[in-house]
Amino acid sequence: MTQRCALITGGTTGLGEAIARKLHDAGCTVLVTHMAGSAGAAEWLEKQAQEGYQFKVYEVDVADYDSCQELGRNIEADGFQVDILVNNAGITRDGTFRKLAKEKWDAVLRTNLDSMYNVTTSYVEGMAARGWGRIVNISSVNGTKGQFGQTNYSAAKAGIQGFTKALAQEVARKGVTVNAVSPGYVATAMVEAVNPEILEKQIISQIPMGRLGRPGEVAALVAFLCSEDAGYITGANVAINGGMHMY
């Protein structure tokens, strides 16, 4: 891969970390964000450096437009231009719809869907002007099939798929591709913290491959979509869920 600069939101944990490492392995300069107010960024950077990974970390609230604009200014001031954007940051606030508090709906829609606008708007014009760019938005299997207790999350992840297809059409002739990746259940710390009995009986048992996905598998797919070789793929929503949902 030609030397490119990649920005991964939510890049210090789980799937985001795996994507950051994979793009670093591909030769990219990698910038990652973490949630405003979260601790441990310095320790995370030190751990990554010990394993041969050099990242630049920025704090941002992806749910807040002004915070994302400040992020864009800080990245530019540091001398970076973003060629690859991976919109990965997201949260869950689960609950059945009849009991779902308004603040839980708002938190998930703002963080998972509003962030598509808040973050992407700072970089898409530069990509178009330079004639090359890659945008990958992390959706979810539940954005396609729905999930009990996740009306907020499923709605936001479905919205990401629509956002992807529309933006892809707007910038296709500018050399910018826009794609979504929809993982199923992946072996991140959040998923593995689920009660083992529930994990086995209600999640893994529903996956034809009989196991959770590995973060590196999803990261490899994202890295391919960010590569030169994927230049003719745009507006796609690529499922990677072990056969849990086929469409």
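The values are calculated or read from the model by the stated rules, or taken from the named source; none is laboratory data. Only a predicted model underlies this, so the values are computations on that prediction, with no experimental measurement involved. Every residue, glycine among them, receives a Cβ derived from its backbone with ideal geometry; neighbour counts consider all protein chains shown.
Could you pull out the residue among V218, V186, V176, V238 that is surrounded by fewer than 18 Cβ atoms within 10 Å (Cβ to Cβ) and within 20 Å of I8 (Cβ to Cβ)? Before the answer, list the steps.
On the way: V218 fails: surrounded by fewer than 18 Cβ atoms within 10 Å (Cβ to Cβ); V186 fails: surrounded by fewer than 18 Cβ atoms within 10 Å (Cβ to Cβ); V176 fails: surrounded by fewer than 18 Cβ atoms within 10 Å (Cβ to Cβ).
Exactly one residue qualifies, and that residue is V238.
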- Task: Within segment 206-244, track down each residue that is free of Cβ contacts under 8 Å to residues at least 60 places away in the same chain, outside any loop (DSSP other than H, G, I, E, B) and either closer than 27 Å to A166 by Cβ or touching a strand residue (DSSP E or B) at 6+ places or on another chain (Cβ under 9 Å) (or both).
- Result: G213, E217, L221, F224, D229, V238, I240
- Task: For segment 11-59, enumerate the residues that are part of a loop (DSSP other than H, G, I, E, B), at pLDDT below 95 and on the phi > 0 side of the Ramachandran plot.
- Result: G37, G40
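Which residue out of I204, I240 is over 14 Å from S140 (Cβ atoms) and not basic (K, R)?
The unique qualifying residue is I204.
So how many residues does segment 53-100 have that are more than 21 Å from N152 (Cα to Cα) and β-branched (V, I, T)? I'd like the intermediate steps shown before the answer.
Filtering segment 53-100 for residues more than 21 Å from N152 (Cα to Cα) gives 53-60, 66-86.
So of that shortlist, the ones also β-branched (V, I, T) come out as 57, 60, 75, 82, 84, 86.
The total comes to 6.
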- Message: E70 - would you say it is within 27 Å of E228 (Cβ to Cβ) and touching a strand residue (DSSP E or B) at 6+ places or on another chain (Cβ under 9 Å)?
- Response: no
- Evaluation of I91 against (1) free of Cβ contacts under 8 Å to residues at least 12 places away in the same chain; (2) part of a loop (DSSP other than H, G, I, E, B) (one fails), failing number: (1)
- Sort out which residues of segment 79-88 are assigned to a loop (DSSP other than H, G, I, E, B) and in contact with a strand residue (DSSP E or B) (Cβ under 7 Å, 6 or more places away or on another chain), and write them in order of number. F80, Q81, V82, D83, N88
- Message: Among the residues that make up segment 142-149, is at least one of them β-branched (V, I, T), at pLDDT 95 or above, more than 16 Å from F97 (Cβ to Cβ) and crowded, with 24+ Cβ neighbours inside 10 Å?
- Response: no
- Sort out which residues of segment 1-29 are under 22 Å from A42 (Cβ atoms) and among the basic types (K, R), and write them in order of number. R21
- Message: Quick check on my filter: what residues within segment 40-88 are under 15 Å from V119 (Cβ atoms), touching a helix residue (DSSP H, G or I) at 6+ places or on another chain (Cβ under 6 Å) and aliphatic (A, V, I, L, M)?
- Response: V60, V62, A63, V86
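Going by the structure shown, is T120 modelled with pLDDT under 95 and buried (at least 16 other Cβ atoms within 10 Å of the Cβ)? Please lay out each step first, then the result.
On the way: modelled with pLDDT under 95: no; buried (at least 16 other Cβ atoms within 10 Å of the Cβ): yes.
Considered against the rule, which asks whether it is modelled with pLDDT under 95 and buried (at least 16 other Cβ atoms within 10 Å of the Cβ), T120 comes out as no.
Yes/no per residue for (1) surrounded by fewer than 19 Cβ atoms within 10 Å (Cβ to Cβ); (2) over 27 Å from L167 (Cα atoms); (3) of a type in the set (A, V, I, L, M); (4) touching a His at 6+ places or on another chain (Cβ under 6 Å):
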| residue | (1), (2), (3), (4) |
| --- | --- |
| I8 | no, no, yes, no |
| E17 | no, no, no, no |
| Q54 | yes, yes, no, no |
| G90 | no, no, no, no |
